[in-house]
Amino acid sequence: MSPRETNAALVLFSGGQDSSVCLAWALERYARVETVGFDYGQRHSIEMEARQAVRREVAARFPHWADRLGEDHVLDIRSFGQVAQSALTADRAIEMTERGLPSTFVPGRNLVFLIYAAALADRRGVEALIGGMCETDFSGYPDCRRDTMDAMQSALNLGMDRAFRIETPLMWLTKAQTWALAKTLGGEDLVRLIVEESHTCYQGERGQLHAWGHGCGTCPACELREKGYVEWDAAGREALAQ
């Protein structure tokens with residue numbers, strides 16, 4: 001890869017619904033797309049396996065994207081998870097805290113992810129950092145806001161003397177609109193891939209396959225994913241009936 005490849009992107013890729021849609025979005029736009037995942041001691045570590053399955057199936061089902069899909073990188077930052085304990089990294093109940101934030105909030109997680117991703121992108125000559133952060137279906141996570149991303153982009157560019165762009169294609173989409181975007185990008189085949197292979201459930205449940213995917217069905221991540229799928233599916237059925 002050249003020292004500065006402007007037509008390349010690095011996707012922060014967890015293997016969940018949102019990052020899987022972001023991966024497809026990037027593959028439609030960039031000639032070279034690499035992915036980075038983070039092992040931060042998350043309880044739902046099954047996502048580390050799901051992300052490989054999504055990458056494998058994307059390459060197999062979409063040949064026109066396969067030659068654009070570059071290297072995958074997995075970074076071990078478990079020490080961060082030990083410091084920033086939450087219901088995602090420790091055996092704690094999923095609930096609202098006294099700060100008014102979900103106990104699933106890992107303080108500074110996206111900021112740390114972006115620092116590591118930017119350092120990797122600097123070495124790989126990549127300027128576009130793509131993440132699935134979203135304000136519309138707001139989870140209560142302050143590090144998902146676009147204002148946070150803008151501030152982080154400025155800090156990275158000042159501190160590393162680069163011209164990084166933090167792109168957040170889902171920032172203003174609801175979960176229903178995210179399903180619709182998946183359908184637009186890759187048709188029913190991409191929707192099925194995300195349903196069957198991606199992982200979002202906080203509990204790490206991979207048993208029953210629901211219409212919207214694998215998951216416990218009761219944690220906030222599953223509830224949001226199911227709600228979005230039902231809304232998107234109902235809108236599609238209504239359109240067909242007209």
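Which of the residues belonging to the range 28-75 are assigned to a strand (DSSP E or B) and free of Cβ contacts under 8 Å to residues at least 12 places away in the same chain?
Selection gives nothing.
Considering only residues that are outside any strand (DSSP E or B) and over 19 Å from PHE13 (Cα atoms), which ones fall in the range 207-223?
Of everything in the range 207-223, those that are outside any strand (DSSP E or B) and over 19 Å from PHE13 (Cα atoms) turn out to be GLY207, GLN208, ALA211, TRP212, CYS216, GLY217, THR218, CYS219, PRO220, GLU223.
Can you tell me how many residues within the range 149-194 are of a type in the set (Asp, Glu) and part of a helix (DSSP H, G or I)?
Taking the range 149-194 first, the residues of a type in the set (Asp, Glu) are 150, 161, 167, 188-189.
Remaining after also requiring part of a helix (DSSP H, G or I): 150, 188-189.
Adding up the residues that qualify gives 3.
Against the conditions (1) at positive phi; (2) surrounded by 18 or more Cβ atoms within 10 Å (Cβ to Cβ), where does MET133 fall short? Just the number, please.
Exception for MET133: condition (1).
So in the range 202-236, with the set limited to residues that are closer than 17 Å to THR178 by Cα, of a type in the set (Asp, Glu) and within 20 Å of the chain's Cα centre (by Cα), which one is surrounded by the most Cβ atoms within 10 Å (Cβ to Cβ)?
Among residues in the range 202-236 that are closer than 17 Å to THR178 by Cα, of a type in the set (Asp, Glu) and within 20 Å of the chain's Cα centre (by Cα), the one surrounded by the most Cβ atoms within 10 Å (Cβ to Cβ) is GLU226.
Can you name the number of the only condition in (1) more than 18 Å from VAL54 (Cα to Cα); (2) of a type in the set (A, V, I, L, M, F, W, C); (3) surrounded by 20 or more Cβ atoms within 10 Å (Cβ to Cβ) that MET171 fails?
(3)
Considering the range 167-185 alone, what residues qualify as being within 24 Å of GLN153 (Cβ to Cβ) and under 13 Å from the mean Cα position of the chain (by Cα)?
Within the range 167-185, GLU167, THR168, PRO169, LEU170, MET171, THR178 meet the criteria.
Report, by residue number, each residue of the range 136-145 that is within 15 Å of the chain's Cα centre (by Cα) and either in a helix (DSSP H, G or I) or touching a residue at least 60 places away in the same chain (Cβ under 8 Å) (or both).
Answer for the range 136-145, where residues must be within 15 Å of the chain's Cα centre (by Cα) and either in a helix (DSSP H, G or I) or touching a residue at least 60 places away in the same chain (Cβ under 8 Å) (or both): ASP137, SER139, ASP143, CYS144.
Criterion first (of a type in the set (A, V, I, L, M) and more than 16 Å from GLY132 (Cβ to Cβ)) does ALA176 satisfy it?
So ALA176 does not fit the description; no.
Specify which of the listed residues (ALA151, ALA180) is among the hydrophobic types (A, V, I, L, M, F, W, C), under 16 Å from CYS22 (Cβ atoms) and at pLDDT 95 or above.
ALA180
The values are calculated or read from the model by the stated rules, or taken from the named source; none is laboratory data. Quick caveat: nothing in here was measured; it's all calculated off a predicted structure. Methodologically, a virtual Cβ is constructed for each residue, glycine included, from the backbone with ideal geometry; neighbour enumeration extends over all protein chains shown.
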